[in-house]
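See structure below.
Throughout, read-outs are computed from the coordinates displayed, never taken from laboratory work. These numbers were taken from a predicted model, which means no experiment stands behind them. Cβ coordinates were reconstructed from backbone atoms using ideal geometry, including for glycine residues, and neighbour counts include every protein chain displayed.
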Amino acid sequence: MKVDPLGTVPVTIRHLGDSALTVEFGDRIEPAILGRVLALDALLGRLALRGVVETVPSYRALLVVVDPEAVDLAALRQRLEALAASALPEQCRARKWELPVVYGDGHGEDLEVVAARCGMPVADYAALHCARDYTVAMIGFLPGFCYLSGLDPRLAVPRRETPRACIQPSTISVGGVQTAIGSVAGPSGWHAIGRTPVRPFDPGREPAFLFAPGDRIRLVPVSAADWPALDTEAQTGGTVARLVSE
Amino acid sequence: MMVVLEVLACASGASVQDLGRSGYRRFGVAAAGAMDHDSLVRANLLVGNPPGAAALELALAGARLRVLGGAVSLAVAGPGAGLTLGNRCQAPHASAVARDGEEIRVSPGREGVYAYLAVAGGITTPVVLGSRAVHLRSGIGGRPLRPGDRLPCEDGEVRVLRRLPPEGTRADLPLRIVLGPQADRFAPDVLAHFAASCWRVEPRFDRMALSLAGPPVPAVGGHDIVSDGVMPGSIQIPGNAQPLILLRDCQTTGGYPKIASVISADLDALAQCRPGTMLRFAVVTPEEACRAARDRAERKRALKAAAEREHATQDPRFLLSNNLIGGVTDGTD
């Protein structure tokens, strides 16, 4: 373990057998920690170190997948320690997107229950949910499923006791202190509060994945009446999401 | 002329697999790929394919297929798997030529789970995100096979006939693991007991994970961590305090503490463990795990060289002179 000169959070490097290393910046969901994960991710993307195959950012750690036949683990570990200490968050480089979202109204069956549990009217819950910019912290669980960082703590609600076997593609959901943009249909233990016509993953589109870890996301509420037109546009290959800044 | 493999009968676990995809884990895309890489490579080498060509993977069951559009050489690999062309039972560890229209039967072995049928030229289903591997949960690369499916194969009329020495068995050896990344969430005596215990492979298994049953492995401070990246081989300990070993189709992130990881060189052996198998672990260092990976790669190169030496004696004149071009012998005569 090594004390990080830039903050109080110690950086720890751990092994996943011979196939990956994980660089841990902490054990909490916290914007400052995520910023450092994404900074190291961007740095490794530029450096293309020998033996490194790919990287997987998450809220507090960066997974560095290696080729065990080609890697010198001790040397890579040392290099990662140095890089982890020097990689600084670069907020200005992030892409920024605007996504239309219909809250409830036939798109997000748990919105009423969730708002009631948080002690506020549905309209307030939706307004607070789209009032802040989010950061794509991690893509996982299913292809293109975006875990967002930045949920207002007032909107947190424990996960569903009974997970659903399948929820609609592109569902906006809340689970605990996290919120997410769904991609393809799949099981979920989170609460469905809305839906975007945007397809984060479309294997037939170039690019197949719209969002990348580190992207900034602004959710823009639209009325259920706008859904059919937006959904048709997305279905025919339109991105619907608006890239505000590169 | 395009050769097609038509599926006449198969069980639920049949799918097209190669060595899987990489570079998309950051977008939540699993590696997928053959559960037993070594067996896939062996089947491919037997028919003269690149080691990672797409082939048919079968789980715990055989299959019947028919070759359409030409004669083509085929091979199976996987513990005890057998190949029958028409009514001709083929010798193991060798490829054979199937005639146009002939029925192919692959029989499962008495041991192991996964078997592979490779066809000369390889299966040419569409490449999605760099691979033909089918990921069952997301549908990337396609879906499991059903009777009636027709699999396109690269330019048929390929008749490579090869033989390889039988694969070594390591069924009795322990699975090598590296402790961590969250080994520190377990008390020292719990960790020691985990590493030394005998574990039974549970009946519930698929391409994503394999559950083990044995003594409880309680985590200090609960079984939830902030989700982070996971890999095939990661041994998670969820709330029931029993190990869950992630396999090739596993998701890319997870929120359970990972007590240890099965090393890459032992993932094939792990995948071939049937329900009921009793497993033991042996703890190694990450450096030892990398050495094992390099040794395995060396063995693979030697196998490829052996297959290619065999190929040198199988040029067209040789085949003609041995009456093999007509596909009437099985390469073991």
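The DSSP beta bridges internal to the stretch B:175-284 are antiparallel in roughly 85% of cases.
Springs join every pair of Cα atoms under 10 Å in this Gaussian network model of chain B, and among B:L58, B:L85, B:L46 the largest mean-square fluctuation is at B:L85. 3J(HN,Hα) couplings calculated from phi for the stretch B:70-80 with the Karplus curve 6.51 cos²θ - 1.76 cosθ + 1.60 (θ = phi - 60°) are, in sequence order, x, 8, 8, 8, 9, 8, 10, 8, x, x, x Hz; Gly and Pro show x.
Projecting the Cα atoms of A:L83, A:G45, A:V65 onto the dipole axis of the stretch A:12-92, where Lys and Arg carry +1 and Asp and Glu carry -1 at the beta carbon, places A:L83 farthest toward the positive end. On a per residue basis, the convex hull of the C-alpha atoms belonging to the protein assembly as shown measures out at 155 Å³. Annotation: peptides B:8-14, A:56-62, B:136-142, ranked by per-residue average of other Cβ atoms within 10 Å with the highest first, follow the order A:56-62, B:136-142, B:8-14.
Averaging sequence separations of C-alpha pairs under 8 Å and six or more residues apart, then dividing by the length of chain B, give the relative contact order as a whole percent. Once normalised by length, the contact order is 21 percent. Each of B:C89, A:C118 was scored by other Cβ atoms within 10 Å of its Cβ. Arranged with the fewest first, they read B:C89, A:C118.
When a/c reaches 1.5 or more, the comparison of a/b and b/c decides; with that in mind, is the stretch A:170-246 rounded, prolate or oblate per its Cα gyration tensor? Because its axes are fairly even, with a/c under 1.5, the stretch A:170-246 counts as rounded.
Placing +1 on the Cβ of every Lys and Arg and -1 on the Cβ of every Asp and Glu, with no other charges, gives chain A a dipole of roughly 400 debye about its Cα centre. Among the residues of A:175-188, the average count of other protein chain beta-carbon atoms within 10 Å of the residue beta-carbon is 1.
Averaging the Cα positions of each part gives two centres, and for the stretch B:29-57 and the stretch B:129-147 these lie 14 Å apart. Could you state the number of Å between the C-alpha centres of the stretch B:223-275 and the stretch B:78-95? First find each Cα centre; the distance between them is then 34 Å. Derived scalar couplings between HN and Hα for the stretch A:153-165 equal x, 5, 9, 5, 8, x, 4, 4, 5, 10, x, 8, 5 Hz in order, rounded to whole Hz, by the Karplus curve 6.51 cos²θ - 1.76 cosθ + 1.60 (θ = phi - 60°), x for Gly and Pro.
Between beta-carbons, use under 12 Å as the cut-off and find the net charge around B:L8, counting Lys and Arg +1, Asp and Glu -1. Write down the numbers at each step before the final one.
On the way: positive: B:R64, B:R66, B:R105, B:R146, B:R150; negative: B:E6, B:E102, B:E103, B:D149.
Counting the neighbours of B:L8, the net charge comes to +1.
The mean number of partner chain beta-carbon atoms within 10 angstrom of a residue's beta-carbon across peptide A:202-209 is 3. When peptides A:161-167, B:39-45, A:193-199 are sorted by average Cβ neighbour count within 10 Å, with the highest value leading, the order is B:39-45, A:193-199, A:161-167.
Please sort B:203-209, A:101-107, A:135-141, A:177-183 by packing, taking for each peptide the average over its residues of neighbouring beta carbons within 10 angstrom, highest first.
Descending packing order for the listed peptides: A:135-141, A:177-183, A:101-107, B:203-209.
Derived scalar couplings between HN and Hα for the stretch B:199-208 equal 10, 9, 6, 6, x, 6, 8, 8, 6, 8 Hz in order, rounded to whole Hz, by the Karplus curve 6.51 cos²θ - 1.76 cosθ + 1.60 (θ = phi - 60°), x for Gly and Pro.
Each Lys or Arg adds one and each Asp or Glu subtracts one; over the other residues with Cβ under 10 Å from the Cβ of A:L44, this totals 0.
Put a plus charge on the Cβ of each Lys and Arg, a minus charge on the Cβ of each Asp and Glu, and nothing anywhere else: the dipole of the protein assembly as shown about its Cα centre is then about 460 debye.
Within the protein assembly as shown, DSSP assigns beta bridges of which about 90% are antiparallel (rounded to the nearest 5). Close amide H partners of A:R159, meaning residues 5 or more places away or on another chain with modelled amide H under 5 Å apart, are A:G176.
Taking every alpha-carbon pair under 8 Å whose residues sit at least 6 apart, chain A reaches a relative contact order of 19 percent.
Projecting the Cα atoms of A:A126, A:V102, A:G144 onto the charge dipole of the stretch A:94-246 (Cβ charges, centred on the Cα centre) puts A:G144 farthest toward the positive pole. Close amide-amide hydrogen proximity is noted between A:V101 and A:V220, A:V222, each under 5 Å apart and 5 or more residues distant or on a separate chain (H modeled in the peptide plane; Pro and chain starts excluded). All other residues whose Cβ lies under 13 angstrom from that of A:E161 are scored, Lys and Arg at +1 and Asp and Glu at -1, for a net of +3.
The residue among A:F211, A:L21, A:H191 whose Cα reaches farthest toward the positive pole of the charge dipole of the protein assembly as shown, with charges on the beta-carbon of Lys, Arg, Asp and Glu, is A:L21. Identify which of B:E202, B:E298, B:E111 has the largest mean-square fluctuation in a Gaussian network model of chain B, with springs joining Cα atoms closer than 10 Å. Maximum fluctuation in the GNM of chain B, among the listed residues, is at B:E298.
I'd like the mean, over residues of B:245-252, of how many other protein chain beta carbons sit within 10 Å of each residue's own Cβ.
Per residue, the average neighbour count from other chains is 2.
Among B:V160, B:V284, B:V230, the largest mean-square fluctuation in a Gaussian network model of chain B (Cα springs under 10 Å) belongs to B:V284.
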